[in-house]
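Note sheet for the following structure.
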Amino acid sequence: MKGNVVILHVAGLDKFIPPFVKLIKEEFEEEKHQFWLTGSVEKYPVEQSESVHVCGGAIWRKLAGYAELVKQLHSARKVMLHGLFNIRVVLVLALCPWVLPKCYWVIWGGDLYQFRKADNTWQSHIKEALRRFVIRRVGHLVTYIEGDVELARQWYGAKGIYHECIMYLSNVVDPKMTAESAPASDHDGLNILLGNSADPSNNHIEALERLLPFKDQAIKIYAPLSYGDQNHAKKVISQGRAWFGDKFVPMTDFMPFEQYLEFLKSLDIAIFNHQRQQAMGNTITLLGMGKTVFMRSDVSQWRFLKGLGIKLNDVEKLEPCRIARDEADENARVVQSYFSKATLIKQLADIFEG
């Protein structure tokens, strides 16, 4: 690993990270960036090099990896914390509080909302105490949803400076995925997307119950359930079939990205009944295609999207119908403008160079 790193990226491997590493290499000065990663390279392939280190293997290799992290935290000019899920990383940061002012917490959502999931066990109390100590002292908060920054301040006493950034390529809308390229009139009835995974936070059953009054209409409900809590998936499938028969279509097989985009084009309506910031990649892509999106009005992304001038529908008033064509076109225009690769590169440059 290089010494005197200018910007250190600390992350757990996830579907967002390999494309982000590639973006940095293509659009920025690669020699100024160092990646310290954990997780499965088999599941999320990333090319390891002098600037990309994956901490893993036998216990002694992991210990050496964390020792290297401590060294890099001290030598880097800036530290990008891509999510705060790894409690070992949080512990390292808590033991080196003097590095926190130069740290930028890229808020993923799930890491922030761990506040709500904390239980009454001593392990949970210790983890939350460590997280609170770190988050309170982190110098910078990175997200494009200001409501999440407000929650970080309210729940954890975060004092960091807010930087607006759409963060990853998953939040960039492909210019080819326009409302014109995704017509909704090539099938009968309405194709409805329910949720984005088998995670119980989708609140599938509640959403299905809201759709019950319309079960005799020409609707088809598609529920992506290939990843997440498979016990929950079984409950959703059982209830969906009991209430809607063959109008409920569980999607239990993994779908390649390009195929998934084609599937999204075939939809008319999406229902995201999450009680927290989640499924934003799907939401943005669908709005960019001019699709009708229902979500809860008490989540942080509702206020953010409404602030951009986007027309949304509240799940509390769920009725399967499309928004007007002119509203769909305006949604697509706003999304295409804001969630662009050019916007992402500029926002990252402002953070890296500031």
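Classify segment 306-354: rounded, prolate or oblate, from the alpha-carbon gyration tensor (a ≥ b ≥ c, eigenvalue square roots; a/c under 1.5 rounded; otherwise prolate if a/b is larger than b/c)?
It comes out prolate by the Cα gyration axes.
Using Cα-Cα distances under 8 Å and only pairs 6 or more residues apart, what relative contact order does segment 15-115 have, in percent?
19
Using a Förster radius of 30 Å, what is the FRET efficiency between residue 125 and residue 298 based on their Cβ-Cβ separation? Nearest 0.05, please.
Plugging the Cβ-Cβ distance into 1/(1 + (r/R0)^6) gives 0.65.
Return the long-range amide H neighbours of residue 105 (sequence gap of 5 or more, or a different chain), with a cut-off of under 5 Å between placed amide H atoms.
81, 140, 141, 142
So what J values fall out for segment 104-114 if you push phi through Karplus, 6.51 cos²θ - 1.76 cosθ + 1.60 with θ = phi - 60°, rounded to Hz, Gly and Pro as x?
Result, rounded to whole Hz: 10, 7, 7, 6, 8, x, x, 5, 5, 7, 4.
Out of 310, 221, 59, any idea which swings most in a Gaussian network model of the chain, alpha carbons joined below 10 Å?
59
Where a ≥ b ≥ c are the square roots of the eigenvalues of the C-alpha gyration tensor, would you call segment 205-268 rounded, which needs a/c under 1.5, or, failing that, prolate if a/b is larger than b/c, or oblate?
Because a/c hits 1.5 or more and a/b fails to exceed b/c, segment 205-268 counts as oblate.
May I ask which of 22/102; 102/346; 25/127; 25/71; 15/78; 291/341 have a Cα-Cα span longer than 27 Å here?
Check vs 27 Å cut-off fails for 25/127.
Place a +1 charge on the Cβ of each Lys and Arg in segment 40-140 and a -1 charge on the Cβ of each Asp and Glu, then give the dipole magnitude about the Cα centre in debye, rounded to the nearest 20.
That gives segment 40-140 a dipole magnitude of about 380 debye.
Given only helices, namely DSSP H runs of n ≥ 4 each adding -39500 (n - 2.57), what is the per-residue ellipticity at 222 nm of the chain, to the nearest 500 deg cm²/dmol?
-12500 deg cm²/dmol
How would segment 52-146 be classified by its alpha-carbon gyration tensor: rounded, prolate or oblate, with rounded meaning a/c under 1.5 and the a/b versus b/c comparison settling the rest?
Oblate, because a/c is 1.5 or more while a/b does not exceed b/c.
Could you size up the charge dipole of the chain around its Cα centre, putting +1 on the beta carbon of Lys and Arg and -1 on that of Asp and Glu, and report it in debye to the nearest 20?
Using Cβ point charges on Lys, Arg, Asp and Glu, the chain gives about 1260 debye.
I want to verify a result. In a Gaussian network model of the chain, Cα cutoff 10 Å, which of these has the top mean-square fluctuation: 158, 58, 129?
Looking only at 158, 58, 129, the biggest GNM fluctuation is shown by 58.
What FRET efficiency would be calculated for the residue pair residue 67, residue 325, taking the C-beta separation as r and a Förster radius of 56 Å, to the nearest 0.05?
Efficiency at R0 = 56 Å is approximately 0.40.
Give the longest segment of the chain that steers clear of trypsin sites (Lys or Arg not before Pro) in DSSP loops with at most 10 neighbouring Cβ atoms within 10 Å, not counting the sites themselves.
That would be 177-354.
Can you report the principal axis dimensions of the chain using only the alpha carbons, biggest first, rounded to whole angstrom?
63, 45, 38
With N residues in segment 190-338, what two-decimal value do you get for its Cα radius of gyration over 2.2 N^0.38 Å?
For segment 190-338, the normalised Cα radius of gyration is 0.98.
Values in this text are rule-based calculations from the coordinates and carry no lab data. On a predicted model such as this, the values are computed, not experimentally measured, just so you know. Cβ atoms come from the backbone with ideal geometry, glycine included; neighbour counts cover every protein chain shown.
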